[in-house]
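Every number here is computed from the coordinates shown, using simple stated rules; none is lab data. Small disclaimer: the values here were computed from a predicted structure and weren't measured. Virtual Cβ from ideal backbone geometry, glycine too; neighbours counted across all protein chains shown.
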Amino acid sequence: MIKSHPSEQLLVGYVAGELTPAMLMVVGTHVDMCPHCQQQVQDIEEQLAQKVMQNSSRVSSQLSIAEADAMLERIFNSQQGIQQPVAHEVNNLISLDGKRFTLPPTLARNSRHIGEWQHMVSHLWRAPVQVDEEQPLNLIYMSEGAQVPEHTHKGQEATVVINGVFHDEFDEYRDGDFILLDGHHKHTPATQAEDCLTLATLDAPMQFTSGISRLLNPFSSLFFR
Ligand SMILES: [Zn+2]
């Protein structure tokens, strides 16, 4: 059962297409996995549609037929240059470390953007998902017994669990859980007996905070790219 969801503000941004591409992927992957947020998204879509209808009926009552025709023609002409989307291969399975994972639809549709897996340190692997030129988005795989040194963030870190379980000082997170942390939170993500595949985005490099792991700050650039 999913217990950790995006805020309503993020869901509105998701529906309105106002999030960064990386954040859109993380929130979208959560929505793929969360019936509760699917319902929320549907409600928000209906509310937004009603607003658009109200605005357009107000506009149309002020337009003469000739003006409306001219407007339609402009809209029609302006769309002639828009290219049809190209069909891409959709791959909903990835394998790593001898295991196979099923990707939720948002990720599966973007599977062509998933780069090569790279081994970072002992129990951590990462594969970039290249959808956003400015904000890195990564699949992060933690095998059993992994620990990321305690760190905080200059910006925001948004994570969704795709498969498995990890925990930090605050809670335990399972399939579908969405976690948003900022510079006010320090945390030490870790796995125990089970592995974990997550999708995560950072909008600024992470900062390692405790003892010896301060020495690892260059390591944060491994995540932030
Ligand atoms: Zn949810």
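Per-structure values
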item: FRET E, pair H113, E67, Förster distance 35 Å, beta-carbon r, rounded to 0.05; result: 0.20
item: Cα-centred dipole magnitude for the stretch 94-163, charges only on beta-carbon of K, R (+1) and D, E (-1), debye, nearest 20; result: 280
